[in-house]
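The values are calculated or read from the model by the stated rules, or taken from the named source; none is laboratory data. Just so we're clear, the structure is a prediction, and the values are computed from it rather than from any experiment. For neighbour counting, all protein chains shown are included, and Cβ atoms are generated from backbone atoms with ideal geometry for every residue, glycine included. Areas reflect the complete protein model, heavy atoms only, side chains present, ligands, DNA and RNA absent. Shrake-Rupley method; radii C 1.70, N 1.55, O 1.52, S 1.80 Å.
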Amino acid sequence: MAVPPIPYAMSPGSNSIYAQAEAVSHKLKPRPAIHQVAQPLEQYNEAKELCRIILDCIQTHKEAWETASFVHGDISDSNILIVGENPHSVGKLITWDQCKYKKYLVLPRPVSHRQ
């Protein structure tokens, strides 16, 4: 099963999809939802589905690190959604606004055993 693509993170002020959305936001009108697109993680049906959902999110996070060198920054049950119906449901890791790029991460220094 293919893992859903990771969101493309862009720096603030760049010509991003967010800037484009702001430009047309005055044209958007609220519309009633026709059907629910995703369910919260706690509404899983069975343990096997829960494991598959978590694995999807782990694979997405791994892909984010390997392809774009950033981590999510706020993984919790409220940032994981279930899309689709069991047994074809997939996990989506959402809310990437707290992501941290590798070059900005403060990694602990290796502990030296010298005295």
Original post:
Tally time: how many residues in the stretch 83-114 are among the charged types (D, E, K, R) and closer than 21 Å to Cys57 by Cα?
Top reply: 5
Subject >> Candidate set: the stretch 51-74, residues that are in contact with a helix residue (DSSP H, G or I) (Cβ under 7 Å, 6 or more places away or on another chain) and farther than 12 Å from Gln39 by Cα; chosen: the one most open to solvent (accessible area, probe 1.4 Å) >> reply: Asp74
**OP:** Pick out the one residue from Lys48, Lys29, Lys103 that is modelled with pLDDT of 95 or more and either open to solvent by 90 Å² or more (accessible area, probe 1.4 Å) or not in a helix (DSSP H, G or I) (or both).
**Re:** Lys48
Subject >> Criterion violated by Gly91 - all others in (1) part of a helix (DSSP H, G or I); (2) modelled with pLDDT of 95 or more; (3) under 18 Å from the mean Cα position of the chain (by Cα) satisfied >> reply: (1)
